[in-house]
Amino acid sequence: METTLAPPAARTAGKPPLDVLLCSPRGFCAGVDRAIQIVQLALERFGAPVYVRHEIVHNRYVVESLKARGAVFVEELDEIPDTAQPVIFSAHGVAKAVPAAASARNFFQIDATCPLVTKVHREAEIHFRRGREIVLIGHAGHPEVVGTMGQLPEGAITLIQTVEDAAAYQRRTSAPLAFTTQTTLSVADTAEIIKVFTERFPDIIPPHKEDICYATTNRQEAVQKVAPMVDAMIVVGAPNSSNSQRLREVAERLGCRSVLIQRAGELDWALLDGAASVGITAGASAPEVLVDEVLEALASRFRLDVEVVTTAEEPIVFNLPRELRKAG
């Protein structure tokens, strides 16, 4: 349900007007919603504690909420004691060595990897089995990239982060060249990198279907529409969330002042100095309650006129893992 904030007249008296354009789609995607459900259902079915390797999604509010219910977040499996309780892998996916290590300790594993990330893993494996040289377009150190590269032996995938990397790339073998990408990249940046590769290597093999996920693409397209219509853009999301950072960058490239905040309390009001309008969006791991919080903060200072700008519908829902379907 979309937010339609309409403060009582008593609350708006004497306040300057501010037009608010809410980007839609925004916030949770199907993969994030599924991952959070997995932790919640595991807690309901098996009780606390439930162990989660890495943040289930990149959002502090979500993580703290799940901690309060009994989820224990760790970065490595060796932080988990011997246990029969569930051990959940985050939505970003993990290297093959992680479930192997979990199996060695007889952990009860539940995989919350987004199915669209799993698709990228399978593509990389297919390229490898067919003897292709593989490049992965993505950000070094991001858990999704670490997980994708960890599907294959070390050195089997070369990471490409920039147009400059693509221009400098030298083929290592005479095998066919193929590429895959992180799911949460800038659509425009990735297109530039792919353009360099296709010009240099016309026979390069692309993904069977584009790897940048529908949610990343849709949220960027919504920002592209709204940013030219407003004086400033507020992106709700975490600083370590790739898709949230890309939303901020999209707005800035269109000449729109933009800020990425996790909570309303982080908002620098100077952003709205002289502004008559503001856009609001949220990264794919940011819950709608945080958007509502920002709207409430704006309503404390401005008389709001809120409009939803919709650029796409997202009916996609992913199935829960087999281990939790009965619980669901």
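The values are calculated or read from the model by the stated rules, or taken from the named source; none is laboratory data. Just so it is clear, the structure is predicted and the values come from calculations on it, not from any experiment. Virtual Cβ from ideal backbone geometry, glycine too; neighbours counted across all protein chains shown.
Among the candidates THR173, THR183, single out the residue that is at pLDDT 95 or above, outside the structural domain of PRO81 (by TED's automatic domain parsing) and of a type in the set (Val, Ile, Thr).
Numbers: THR173 fails: at pLDDT 95 or above.
Among THR173, THR183, only THR183 is at pLDDT 95 or above, outside the structural domain of PRO81 (by TED's automatic domain parsing) and of a type in the set (Val, Ile, Thr).
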Any helices (runs of 4 or more DSSP H) falling wholly within segment 1-92 and containing at least 1 residues that are at pLDDT 95 or above and crowded, with 17+ Cβ neighbours inside 10 Å: 30-46, 60-69
Filter pass, ASP273 being free of Cβ contacts under 8 Å to residues at least 24 places away in the same chain and closer than 26 Å to LEU254 by Cα: yes
Some residue of segment 98-116 being touching a Ser or Thr at 6+ places or on another chain (Cβ under 6 Å) and farther than 23 Å from PHE46 by Cα: yes
Some residue of segment 35-50 being charged (D, E, K, R) and farther than 17 Å from LEU320 by Cβ: no
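Only residues that are assigned to a loop (DSSP other than H, G, I, E, B) and surrounded by 13 or more Cβ atoms within 10 Å (Cβ to Cβ): list them for segment 302-320, please. Talk me through it step by step, then tell me what you get.
If we filter segment 302-320 for residues that are assigned to a loop (DSSP other than H, G, I, E, B), which is where we start, we get 302, 311-320.
PHE302, THR311, ALA312, GLU314, ILE316, PHE318, LEU320 - these are the residues of segment 302-320 that are assigned to a loop (DSSP other than H, G, I, E, B) and surrounded by 13 or more Cβ atoms within 10 Å (Cβ to Cβ).
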Qualifying residue in segment 252-265 (condition: crowded, with 21+ Cβ neighbours inside 10 Å and small (Gly, Ala, Ser)): yes
Number of the exception - VAL50 against (1) over 30 Å from ILE234 (Cα atoms); (2) in contact with a Ser or Thr (Cβ under 8 Å, 6 or more places away or on another chain); (3) among the aliphatic types (A, V, I, L, M): (2)
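Within the group PRO153, PRO143, which residue is within 19 Å of ALA91 (Cα to Cα) and either surrounded by 23 or more Cβ atoms within 10 Å (Cβ to Cβ) or not acidic (Asp, Glu) (or both)? First the steps, then the outcome.
Numbers: PRO153 fails: within 19 Å of ALA91 (Cα to Cα).
Answer to the check: PRO143.
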First in segment 250-266 and farther than 17 Å from VAL63 by Cβ, second anywhere and part of a strand (DSSP E or B) and of a type in the set (D, E, K, R), Cβ under 9 Å, 6 or more apart: ALA251/ARG257
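Condition test on ALA71, is it in contact (Cβ under 8 Å) with a residue 40 or more places away in the chain and farther than 19 Å from ILE212 by Cβ?
Working: in contact (Cβ under 8 Å) with a residue 40 or more places away in the chain: no; farther than 19 Å from ILE212 by Cβ: yes.
Judged against the criteria, ALA71 is not a match.
Being out of contact with any Leu (no Cβ under 9 Å at 6 or more places or on another chain), closer than 14 Å to HIS92 by Cα and not charged (D, E, K, R) narrows it down to one of VAL52, VAL32, VAL72, VAL62, so name that one. Quick ask: steps written out before the conclusion?
Working: VAL52 fails: out of contact with any Leu (no Cβ under 9 Å at 6 or more places or on another chain); VAL72 fails: closer than 14 Å to HIS92 by Cα; VAL62 fails: closer than 14 Å to HIS92 by Cα.
Result of the check over VAL52, VAL32, VAL72, VAL62: VAL32.
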Residues being part of a loop (DSSP other than H, G, I, E, B) and either within 16 Å of PRO239 (Cα to Cα) or not assigned by TED's automatic domain parsing to the domain that holds ALA297 (or both) - total across segment 256-281: 4
Residue match in segment 162-178 (condition: crowded, with 17+ Cβ neighbours inside 10 Å, out of contact with any Lys or Arg (no Cβ under 9 Å at 6 or more places or on another chain) and closer than 29 Å to PRO25 by Cβ): no
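Which is outside any strand (DSSP E or B) and among the β-branched types (Val, Ile, Thr), of THR184, THR180?
Numbers: THR180 fails: outside any strand (DSSP E or B).
The conditions single out THR184.
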